[in-house]
Amino acid sequence: MNFKFYFKESKLYDFLYFPGLVFSKERIEKSQGEYAGEEFYMKGYINLINRVEGKLKPYIKDIELFYDEQYTNSYDFVELITDIYTIFGYKDEKEYLNMLLDLDEKQIKSSIAYSILASNENNKEYSEEIMKKAENINKDQLISIIKELPVEPSTKWNLFMIIEEPMDHMRMYVNLMSSLLPIFEEIYYSYEDEVNNYGHYLVDFFNKNGSNGLKEISYSILDLDLIKDEENRVLISAIKQYALLVSSGSKNNYIVWGLKTEEYFKRMKEINENKVNERVHVFKNLGDKTRYEVLKLLAMGETSTKVIAKALGVSSATISYHISNLLQAKVIKPGITNDKYNYTVDYIFLEKIINELKEDMMFPN
């Protein structure tokens with residue numbers, strides 16, 4: 001098991017996701033409520049969001065064309081492109097944008113088709129078979145697939161617009177990102193040294209301690225199976241400061257680790273040590289009807305967000321949001337089966353919570 005830090009790619013990753021930061025305040029306020037007032041997001045990050053929000057306000061209408069306000073949509077334009085045209089190997093942001101401009105209509109459509117097909121089939125790993133399908137799919141077939149996606153009508157409309165005029169859409173995106181680049185550079189400059197130093201520290205720690213290092217640094221919250229026995233590319237994010245993402249669906253897999261992710265895990269540990277709050281957190285999550293139905297389907301063995309979304313009549317983004325909260329409540333846990341990521345109900349943990357509830361309520365024997 002080997003870890004390697006990629007500084008240039010870390011910056012490029014943050015640049016591509018930088019515009020979405022303008023929608024972060026509402027998401028944070030919503031997630032804060034999920035934890036009964038517990039503050040996960042430190043003032044420094046809130047200040048960053050406020051600063052970015054002010055600078056990006058003149059561009060908000062253009063940003064909305066390419067980025068989801070809820071930040072949960074796997075069909076954002078950047079997601080549709082980077083699965084195939086990954087961020088690795090470019091010297092800077094301008095070179096990557098120039099590469100995007102050089103793509104022809106077929107290349108853009110194939111990239112978009114691949115991302116949609118891979119998501120539709122719940123495929124977590126890059127697939128040459130799906131790539132071949134994407135390269136041979138025609139416009140009418142792709143439109144039919146988009147029509148059946150369990151997503152919001154506005155998302156479908158954006159996808160229709162992209163495949164109708166892919167090169168125009170790409171030019172609009174590159175023009176937007178070129179306009180935002182000076183703003184990003186100004187914001188990112190104050191984080192460069194911290195990102196670089198922390199990235200080298202983190203990979204040194206992981207290379208020295210192996211998978212047990214992940215367990216130690218996450219206070220046993222993360223499953224060791226999430227890290228594979230191969231080279232793990234590590235990106236450090238100053239934009240998604242509390243993120244931990246394992247991207248395995250693109251040509252170049254990587255791990256995104258936020259600058260404040262360690263602080264997040266430490267805070268999680270402090271909360272989990274308070275057993276009363278832990279139980280309240282679980283029951284609060286189960287008190288949401290949709291979330292409860294999601295848990296029931298997971299318990300029945302269903303792992304496809306698309307199938308769950310269709311069964312409950314909601315979008316895949318909504319299901320992802322509920323799964324995220326169930327993960328944070330530790331009601332479910334991530335794992336890998338046949339090289340694919342999935343989620344299972346943590347029955348041992350739930351049984352512990354139920355037994356502790358019985359003790360609190362003094363259930364008769």
Of a type in the set (F, W, Y) and farther than 24 Å from L259 by Cα: which single residue out of F88, F66 fits that description?
F66
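Residue-wise test of (1) surrounded by 15 or more Cβ atoms within 10 Å (Cβ to Cβ); (2) touching a Phe, Trp or Tyr at 6+ places or on another chain (Cβ under 6 Å).
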residue: K260; (1), (2): yes, yes
residue: E263; (1), (2): yes, no
residue: E270; (1), (2): no, no
residue: H281; (1), (2): yes, no
residue: E293; (1), (2): yes, no
residue: M300; (1), (2): no, no
Count, please, the residues in region 1-37 that happen to be polar (S, T, N, Q) and at pLDDT 70 or above.
3
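Would you check if there is a residue in region 89-108 being β-branched (V, I, T) and under 22 Å from the mean Cα position of the chain (by Cα)?
Looking through region 89-108, none of the residues is β-branched (V, I, T) and under 22 Å from the mean Cα position of the chain (by Cα).
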Restricting to helices (runs of 4 or more DSSP H) lying wholly in region 271-347: which have 2 or more residues that are of a type in the set (S, T, Y), in contact with a helix residue (DSSP H, G or I) (Cβ under 7 Å, 6 or more places away or on another chain) and closer than 24 Å to V151 by Cα?
289-299, 316-328
So I255, is it out of contact with any Pro (no Cβ under 8 Å at 6 or more places or on another chain), closer than 30 Å to D193 by Cα and β-branched (V, I, T):
yes
Would you be able to tell me the number of residues in region 311-351 that are exposed (fewer than 15 other Cβ atoms within 10 Å of the Cβ) and modelled with pLDDT of 85 or more?
6
Just to verify a result, which residue in region 260-284, among those that are of a type in the set (S, T, N, Q) and over 20 Å from the mean Cα position of the chain (by Cα), is modelled with the lowest pLDDT?
N272
Per the filter on region 331-365, residues in contact (Cβ under 8 Å) with a residue 60 or more places away in the chain and within 20 Å of N277 (Cα to Cα) are K333, L350, I353, E356, L357, D360
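One line per residue, one yes/no per condition, for (1) in a helix (DSSP H, G or I); (2) free of Cβ contacts under 8 Å to residues at least 60 places away in the same chain:
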residue: N47; (1), (2): yes, yes
residue: G54; (1), (2): yes, yes
residue: Y59; (1), (2): yes, no
residue: L80; (1), (2): yes, no
residue: F88; (1), (2): no, no
residue: K91; (1), (2): no, no
residue: I108; (1), (2): yes, no
residue: I112; (1), (2): yes, yes
Among the residues of region 308-316, is there at least one that is closer than 20 Å to K284 by Cβ, within 17 Å of the chain's Cα centre (by Cα) and not aliphatic (A, V, I, L, M)?
no
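One residue is enough: does region 252-259 have a residue meeting the conditions out of contact with any Lys or Arg (no Cβ under 8 Å at 6 or more places or on another chain) and modelled with pLDDT of 80 or more?
yes
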Going by the structure shown, is T82 modelled with pLDDT of 90 or more and either under 18 Å from S247 (Cα atoms) or assigned by TED's automatic domain parsing to the domain that holds S316 (or both)?
no
Looking only at region 197-220, count every residue that is modelled with pLDDT under 90, among the aliphatic types (A, V, I, L, M) and within 20 Å of Y45 (Cβ to Cβ) and tell me the total.
1
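The values are calculated or read from the model by the stated rules, or taken from the named source; none is laboratory data. This one's a predicted model, so the numbers in the text were calculated from it and none came from an experiment. As a convention, Cβ positions derive from the backbone with ideal geometry for all residues, glycine included, and neighbour counts pool all protein chains shown.
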